[in-house]
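Input: a single structure, listed below in structure tokens.
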Amino acid sequence: MQNGTLLAAVDLGSNSFRLEIGRYDHGHIERVEYLKEGVRQGGGLGEDKNLNEAALQRGWDCLARFAERLKGFHRTQVRAVATQTLREARNRDVFIQKAQHILGFPIEVISGLEEARLIYQGVSRLLPQSDERRLVVDIGGRSTEMILGRNFNAKVMDSFRLGSVAWSAKYFPDNVFSAQAFKTAEVAAKAVLDEALDIFPRDQWDVAYGSSGTVGAISDVLLANGRDTDTITRESLGWLKDKLIKAQTVDNLRLEGIKDERKQVIGGGLSVLQAVFDLFDIEHMIPAQGALRNGALYDLIDRESDVSDVRERTVQWLSQRFSVDAAQAKRVSMVASALFGQIATPNQNNERHSKKLEWAARLHELGVHISHDDAHHHGAYVLEHVDAPGFSMVELQRLSLLVLGQRGKLRKLEPWLGDELLVKQLVCLRLAVLLCHARRDPAHQAIGLQFNKNRQIKLVADVGWAQNHPQSAWLIQEEALAWQRVGWKMTYSFE
């Protein structure tokens, strides 16, 4: 990556949307601009798990303002990620489809573990390097992430479904603060986090850091009121809780350093943080400068290289974990990529689309050791449900669909066959699998592939190819019939 390149991260959180723009300089990122809006989208998630119209519109309006600032950025310079609220929302596709159009860039709904990984990446990059063992806690609007790490390496990660927005709505529903409400909220938070005690034992970390969200807001309040300067202590949390209880309601709350939108969720956030302090016997916590958005920025740098792209490492890990035949995976990947190169629409994203096809090809036999006959079904299930660092939920679904569709009937993928890019990737993967059926390098250079937008695929083989490869030729004839059954026309010519 060239020095001076601008990079941007958009964090669609449950309480706030954030835009961070930085300039790359010799492996580091210098902040250029930071925008934050209290969208409170998590507060618009109803009991039916649908976002109401007001919450949808607040999100779209905010992204429209961000989009103006991102004009001129290329796709490789921007990463937009959405967290717990959109993980939960049943109508998230309604929001995402319009949001992507407004923003002008893809929006990834990431898993809780991917969120945790990016949080640690952001925190660690902005801390001085040391060998200290770190516990990082990020209390967001509807989820809390916890990470054990050292230097730049996250060792243990988890995500829990509680946060400032959710706990405020549930335990302080009328914006009323009372000692009993805090007690109930803290007990409930401890019940959710109790399992974390075994995952993040006290003897496994030296220093506790708090990232963004609730910790940042509480730190600002304490600093503005002459309390702690560089740490949050158990005593200072008690002082803040007393202030809220004495105020009784959000409307009566008069504290320096707290913004109006944060007042609505401070009770829930404070009760969760107090529970963390109590459960993990924390005496003081250091507010960290880094956060999810910073981790997303540094991830953009990593994705420039196969060596540092965490997704590449994840594919390697999955291959080893499920004992994938490396030679066959490489063979199918090579053929699929070569075929895709023949039919890919000329544009700047071909390399990225080819890489994702390559990953699907390398993982196409992921389910073989579960069941040989239904390997594609099992492999697809694993990909859709595995915690895969670096991948968004949409990316995993895409890989899952390709692995599921690598062979057999196509009706199982019929709802997605209107997606031209998916069809191109699927055609190439299916042809690669059948051409490599003998588990040796096929003469794929003799195959020419053409793609017509009128749902037509044409395959042409060199003279004599069919006579020399009768089994492959027969499999291609069967493949043509499979596409015909779902409204596509595949023709072949064995001259």
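Of all residues in segment 204-213, at least one satisfies being part of a helix (DSSP H, G or I), touching a residue at least 12 places away in the same chain (Cβ under 8 Å) and touching a Gly at 6+ places or on another chain (Cβ under 9 Å). Scanning segment 342-400 for residues that are open to solvent by 20 Å² or more (accessible area, probe 1.4 Å), of a type outside the set (S, T, N, Q), under 20 Å from residue 108 (Cα atoms) and not in a helix (DSSP H, G or I) yields 386, 387, 389.
Note on segment 266-294: residues that are within 27 Å of the chain's Cα centre (by Cα) and part of a loop (DSSP other than H, G, I, E, B) amount to 3. When residue 122 is tested against (1) open to solvent by 10 Å² or more (accessible area, probe 1.4 Å); (2) modelled with pLDDT under 95; (3) assigned to a helix (DSSP H, G or I), just one condition goes unmet, and that condition is (1). Cβ-Cβ distances below 9 Å connect the following pairs, each with a first residue in segment 134-156 that is open to solvent by less than 10 Å² (accessible area, probe 1.4 Å), a second residue that is assigned to a strand (DSSP E or B) and of a type in the set (Lys, Arg), and a separation of six or more residues or different chains: 134/150; 147/134; 147/155; 149/133; 149/134; 149/155.
Of the residues making up segment 402-416, those that are over 18 Å from residue 372 (Cβ atoms), in contact with a helix residue (DSSP H, G or I) (Cβ under 7 Å, 6 or more places away or on another chain) and assigned to a helix (DSSP H, G or I) are 402, 412, 413, 416.
Residue by residue through segment 211-233, note down the ones that are closer than 20 Å to residue 140 by Cα and of a type outside the set (Val, Ile, Thr).
If the condition is that a residue be closer than 20 Å to residue 140 by Cα and of a type outside the set (Val, Ile, Thr), then 211, 212, 213, 216, 217, 219, 220, 222 are the ones that fit.
Quick check on residue 186: is it within 29 Å of residue 156 (Cα to Cα) and surrounded by fewer than 12 Cβ atoms within 10 Å (Cβ to Cβ)? Criteria not met by residue 186.
A residue that is more than 25 Å from residue 126 (Cα to Cα), in contact (Cβ under 8 Å) with a residue 40 or more places away in the chain and part of a helix (DSSP H, G or I) can be found somewhere in segment 171-180. Against the test of being free of Cβ contacts under 8 Å to residues at least 40 places away in the same chain and either in contact with a Cys (Cβ under 7 Å, 6 or more places away or on another chain) or at positive phi (or both), the options 44, 72 yield a single qualifying residue, 72.
Answer with yes or no whether residue 208 is touching a Phe, Trp or Tyr at 6+ places or on another chain (Cβ under 8 Å), closer than 27 Å to residue 120 by Cβ, at pLDDT 95 or above and surrounded by fewer than 19 Cβ atoms within 10 Å (Cβ to Cβ). In short, no.
Within segment 320-351, being free of Cβ contacts under 8 Å to residues at least 12 places away in the same chain and under 15 Å from residue 366 (Cβ atoms) holds for 320, 321, 326. When we screen 63, 56 for residues that are closer than 22 Å to residue 294 by Cα, at pLDDT 95 or above and aliphatic (A, V, I, L, M), the only hit is 63. Restricted to segment 468-495, and to residues there that are of a type in the set (A, V, I, L, M, F, W, C) and part of a strand (DSSP E or B), the residue that is nearest to residue 405 (Cα to Cα) is 490.
Within segment 252-273, identify whether any single residue is in contact with an Asp or Glu (Cβ under 7 Å, 6 or more places away or on another chain) and of a type in the set (D, E, K, R), and answer yes or no. Looking through segment 252-273, none of the residues is in contact with an Asp or Glu (Cβ under 7 Å, 6 or more places away or on another chain) and of a type in the set (D, E, K, R).
Looking across segment 433-467, just one residue is under 21 Å from residue 482 (Cα atoms), exposed (fewer than 13 other Cβ atoms within 10 Å of the Cβ) and basic (Lys, Arg), and that is 453.
Only a single criterion out of (1) under 27 Å from residue 301 (Cα atoms); (2) open to solvent by 30 Å² or more (accessible area, probe 1.4 Å); (3) of a type in the set (Lys, Arg); (4) not in a helix (DSSP H, G or I) is not satisfied by residue 79, namely (2). Is it the case that some residue within segment 48-67 is open to solvent by 80 Å² or more (accessible area, probe 1.4 Å), part of a loop (DSSP other than H, G, I, E, B) and without any contact (Cβ under 8 Å) to a residue 24 or more places away in the chain? No, every residue in segment 48-67 fails to be open to solvent by 80 Å² or more (accessible area, probe 1.4 Å), part of a loop (DSSP other than H, G, I, E, B) and without any contact (Cβ under 8 Å) to a residue 24 or more places away in the chain.
Please determine, by comparing only the residues of segment 229-265 that are part of a helix (DSSP H, G or I), free of Cβ contacts under 8 Å to residues at least 12 places away in the same chain and open to solvent by less than 90 Å² (accessible area, probe 1.4 Å), which one is farthest from residue 216 (Cα to Cα). Among those residues, the one meeting the criterion is 242.
Whenever a residue of segment 83-111 is open to solvent by 30 Å² or more (accessible area, probe 1.4 Å), it has no partner that is in a helix (DSSP H, G or I) and among the basic types (Lys, Arg) lying with C-beta atoms less than 6 angstrom away and at least six residues away or across chains.
The values are calculated or read from the model by the stated rules, or taken from the named source; none is laboratory data. Note that the structure is predicted; figures quoted are calculated from it, not measured. Here the Cβ is made from the backbone with ideal geometry for all residues, glycine too, and neighbour counts use every protein chain on show. Please note that ligands, DNA and RNA were not included when accessible areas were found on the heavy atoms of the full protein model with its side chains. Shrake-Rupley method; radii C 1.70, N 1.55, O 1.52, S 1.80 Å.
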